[in-house]
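Taking it in order: structure first as structure tokens, then the write-up.
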Amino acid sequence: MAWLHTWVGLVLGWLLYAIFVTGTSAYYQEEITQWMTPEIGSAAVASDKSFAAAADWVQHKAPDAQEWSIFLAGKRAPGLQLYWTNGPDAPADAPTEARLDRQGREVKARETQGGYFLYRFHYDLHYINWYWARWLVGIAAMAMLVAILSGIITHKKIITDYFMLRLGKGQRSWLDVHNASSVLFLPFVLMMTYTGLVSLATHYMPWGIAANYADTEKFYAAAFPYPSPPEKTGAAKLAPIGPMVAAAERNWGMAAGGVRVLNPGDRSAQVIVSSGVDGNMSARPRSLTFDGATGRLVSAHDPSGAATATEGVMIGLHAGRYAQPILRGLYFLSGIAGCVMIASGLILWTVKRRPRLADPDKPHFGFQLVEKLNIGAIVGLPLGIAIYFLANRLLPVGLAGRGDWEIDSLFLAWLAAFIWAAVRPSPRAWAETTAVTVLLFAAVPIVSALTTGRNLFHSIAAGEWIFAGFDLAMLALAAGFWTAHRRIVRRARGAAEGRRPQRNTAPA
Amino acid sequence: MAKAAGKSVRANRRDVALRTVAAVPLNYALTALATIFVARILPGSPAQASIGATTLCFAIFAVVAMLCFTVQSVGKLWLTMIGAGLAFALADWLLVLTGGRL
């Protein structure tokens with residue numbers, strides 16, 4: 001089964017690496033978005049006050065709206081997201097969404113997809129239809145699950161390898177890095193792979209629903225109720241939202257994450273308060289429905305079935321939204337270890353085959369292709385992400401379609417890395433792309449300080465830990481790629497010196 | 001000698017191809033039929049049974065995929081999978097016919 005691991009790993013490794021890198025970044029999705037919208041302050045406000053302020057705002061902005069939804073993506077969220085459905089008399093181009101800060105003021109931040117884009121890319125990819133993208137991601141994840149399980153079964157020395165890391169020994173070291181990062185974090189990667197599949201389970205396996213439901217809508221209505229606005233019965237003032245949110249939070253003992261108001265300003269109004277994404281390990285929210293005119297509790301929805309609870313906790317474990325700072329840090333580091341596992345496995349494929357080449361200076365096409373794709377994929381994506389952050393600071397704030405430009409910048413830089421790898425000799429391309437990545441990550445805090453007036457020292461002094469932490473993370477990434485770059489240069493020099501005597505004997 | 005080696009390489013490739021087809025598309029069909037079966041027989045509300053079966057299906061798929069590359073005979077593998085698939089299909093059909101769907 002070893003050949004299965006090698007070849008499945010090679011073919012799907014590049015995609016899995018991209019999924020792991022962007023998925024790992026998603027553990028700091030809210031912080032990345034906060035950094036990418038430096039106009040928004042990060043002051044914390046109690047969520048019932050935030051929701052009440054947001055409700056006041058939308059009441060003024062869209063008095064005839066038939067429905068509002070106000071979302072707060074947890075305690076770490078930089079602000080609230082609002083959506084509403086306008087009344088029938090509203091012009092067709094009237095706005096239907098807005099971002100507010102936690103005091104309920106509309107945010108005029110630069111247009112960006114922020115950390116959300118990296119999160120979505122990790123299962124929807126980009127530039128291709130999301131439906132097929134999810135299938136590609138699912139096939140890669142399933143292949144990984146089978147590779148891990150078969151690896152555990154066939155691995156004879158799993159305990160010994162657990163404690164084995166011999167650095168500076170060429171191929172043996174790459175194998176050790178691959179084994180150490182795989183085995184040490186195996187439970188994590190196994191958990192992430194299975195729960196990732198469960199997160200999109202109905203996409204891959206709709207037959208479990210089809211077994212009991214001829215009409216899929218009925219399944220969703222039963223499992224995840226989402227009522228539509230009832231018939232209107234006459235004007236009535238909407239009761240204050242704040243006390244309803246506070247009552248719901250007292251009831252659950254955790255913060256609210258969403259408020260939906262149906263028929264605001266009508267006697268039939270309903271206010272549905274949902275629990276926050278980070279209050280519970282399960283990803284499935286609870287909700288309470290209040291009468292909008294009187295503020296009285298009408299009904300409660302609690303996803304408490306055994307299967308729902310299991311599924312919800314699996315998805316919750318994957319997304320890690322419940323995680324407090326230390327656990328979140330561990331999630332992030334484990335994610336990095338997953339990236340190292342995949343990258344070292346891909347590199348190992350070439351390292352292992354290089355000595356067997358007829359002429360190591362002129363490898364055959366397949367070997368070259370893998371090596372070039374390795375450079376473009378392993379270094380190119382982090383390089384592109386650095387460009388994504390730089391583009392956020394450097395593109396004109398008023399540029400039309402700015403969010404898309406940031407994303408295009410990422411992919412253009414990634415493409416450039418592939419082209420660079422293709423046209424340069426591979427050892428040089430490794431050294432040069434890692435050097436550029438070091439410079440780009442190191443440039444992020446500097447460019448940010450020059451363009452926003454938020455520099456690292458000011459952020460630390462002001463206690464703006466998200467901005468300070470982001471800048472420090474960029475420097476840490478630069479240092480990480482610097483270490484890799486130094487090793488590559490030293491290795492290339494060592495290889496050149498090792499070959500020199502041979503060169504001298506050959507006729508020039 | 002070279003001819004024999006060539007033949008064994010070709011036989012090996014056919015073996016791998018047959019196992020791969022069994023492990024991926026055939027496995028998907030079998031897992032889908034098994035998932036329907038589990039969704040019909042799990043206790044609790046239909047929604048709970050559907051979610052439970054769907055959550056479990058990846059474990060079924062992964063185990064069957066591994067078996068496809070471990071069992072000795074490819075012929076037996078195909079026969080067993082088709083047989084199991086037909087049995088599940090018949091059971092699913094009877095369960096839906098007698099119990100109906102929402």
Subject >> Number of the exception - residue A:191 against (1) touching a helix residue (DSSP H, G or I) at 6+ places or on another chain (Cβ under 7 Å); (2) surrounded by 16 or more Cβ atoms within 10 Å (Cβ to Cβ); (3) closer than 21 Å to residue A:333 by Cβ >> reply: (2)
Original post:
surrounded by fewer than 20 Cβ atoms within 10 Å (Cβ to Cβ), farther than 19 Å from residue A:339 by Cβ, more than 10 Å from chain B (Cβ to nearest Cβ) and not charged (D, E, K, R): does that describe residue A:206?
Top reply: no
**OP:** Give the range A:77-105 a look and list any residue that's surrounded by 20 or more Cβ atoms within 10 Å (Cβ to Cβ) and within 26 Å of the chain's Cα centre (by Cα), or say none.
**Re:** A:77, A:78, A:79, A:80, A:82, A:100, A:101, A:102
Original post:
If you check A:20, A:51, A:71, which single one turns out to be at pLDDT 90 or above and closer than 18 Å to residue A:238 by Cβ?
Top reply: A:51
Original post:
Failed condition for residue B:14, given (1) in contact with a Lys or Arg (Cβ under 7 Å, 6 or more places away or on another chain); (2) surrounded by fewer than 14 Cβ atoms within 10 Å (Cβ to Cβ), with all others met?
Top reply: (1)
Subject >> Matching entry among A:242, A:258 (being closer than 18 Å to residue A:57 by Cα, outside any loop (DSSP other than H, G, I, E, B) and in contact with a Lys or Arg (Cβ under 9 Å, 6 or more places away or on another chain)) >> reply: A:242
Original post:
From the list B:31, B:35, which residue is at the interface with chain A (Cβ under 7 Å from one of its Cβ atoms) and either under 16 Å from residue A:308 (Cβ atoms) or among the β-branched types (Val, Ile, Thr) (or both)?
Top reply: B:35
Original post:
Picking from A:416, A:435, A:377, which residue would you name as being surrounded by fewer than 21 Cβ atoms within 10 Å (Cβ to Cβ), at pLDDT 95 or above, under 30 Å from residue A:184 (Cβ atoms) and not charged (D, E, K, R)?
Top reply: A:435
**OP:** Give the residues of the range A:281-330 that are away from chain B (no Cβ under 14 Å) and touching a Lys or Arg at 6+ places or on another chain (Cβ under 8 Å), sorted by residue number.
**Re:** A:290, A:293, A:300, A:320
Subject >> Residue ID - farthest from the other protein chains (Cβ to nearest Cβ), chosen from residues in the range A:113-153 that are buried (at least 22 other Cβ atoms within 10 Å of the Cβ) and among the β-branched types (Val, Ile, Thr) >> reply: A:137
**OP:** Give me a count of the residues in the range A:216-235 that are at the interface with chain B (Cβ under 7 Å from one of its Cβ atoms) and without any contact (Cβ under 8 Å) to a residue 60 or more places away in the chain.
**Re:** 3
Original post:
Of the residues that sit in the range A:337-395 and are among the β-branched types (Val, Ile, Thr) and within 18 Å of residue A:415 (Cβ to Cβ), which one is nearest to the chain's Cα centre (by Cα)?
Top reply: A:385
**OP:** Select from the range B:81-102 the residues that are crowded, with 16+ Cβ neighbours inside 10 Å and over 17 Å from residue A:209 (Cα atoms) and write down the one among them that is nearest to the other protein chains (Cβ to nearest Cβ).
**Re:** B:85
Subject >> Selection within the range A:56-81 - closer than 30 Å to residue A:328 by Cβ and in a strand (DSSP E or B) >> reply: A:69, A:70, A:71, A:72, A:80, A:81
Original post:
Can you pull out the helices (runs of 4 or more DSSP H) entirely within the range A:290-405 that have at least 3 residues that are over 22 Å from residue A:10 (Cβ atoms) and without any contact (Cβ under 8 Å) to a residue 24 or more places away in the chain?
Top reply: A:306-319, A:325-353
Subject >> Residue tally, condition in a helix (DSSP H, G or I), more than 17 Å from residue A:207 (Cα to Cα) and in contact (Cβ under 8 Å) with a residue 24 or more places away in the chain, over the range B:54-81 >> reply: 7
Original post:
Pick from the range B:17-26 the residues that are within 12 Å of chain A (Cβ to nearest Cβ) and out of contact with any Phe, Trp or Tyr (no Cβ under 6 Å at 6 or more places or on another chain): which of them is surrounded by the fewest Cβ atoms within 10 Å (Cβ to Cβ)?
Top reply: B:25
Original post:
Can you name the number of the only condition in (1) assigned to a helix (DSSP H, G or I); (2) of a type outside the set (A, V, I, L, M, F, W, C); (3) more than 8 Å from every other protein chain (Cβ to nearest Cβ) that residue B:43 fails?
Top reply: (1)
**OP:** Run residue A:168 past the list (1) at positive phi; (2) modelled with pLDDT of 70 or more and report the number of the one that doesn't hold.
**Re:** (2)
**OP:** Go through (1) among the β-branched types (Val, Ile, Thr); (2) within 19 Å of residue A:391 (Cα to Cα); (3) at pLDDT below 95 and name the single condition residue A:489 misses.
**Re:** (2)
**OP:** Taking residue B:53 as the residue in question, decide whether it is more than 12 Å from residue A:208 (Cβ to Cβ) and at the interface with chain A (Cβ under 7 Å from one of its Cβ atoms).
**Re:** no
Subject >> Answer from A:408, A:404, A:361 - the residue that is of a type in the set (D, E, K, R) and at pLDDT below 95 >> reply: A:361
**OP:** State all residues of the range A:204-235 that are assigned to a helix (DSSP H, G or I) and either under 21 Å from residue B:92 (Cα atoms) or within 18 Å of the chain's Cα centre (by Cα) (or both); if no residue qualifies, say none.
**Re:** A:204, A:207, A:208, A:209, A:210, A:216, A:218, A:219
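The values are calculated or read from the model by the stated rules, or taken from the named source; none is laboratory data. Bear in mind that the values here come from a model prediction, so they are computed numbers and not experimental data. Note that we place each Cβ from the backbone using ideal geometry, even for glycine, and neighbour counts take in every protein chain shown.
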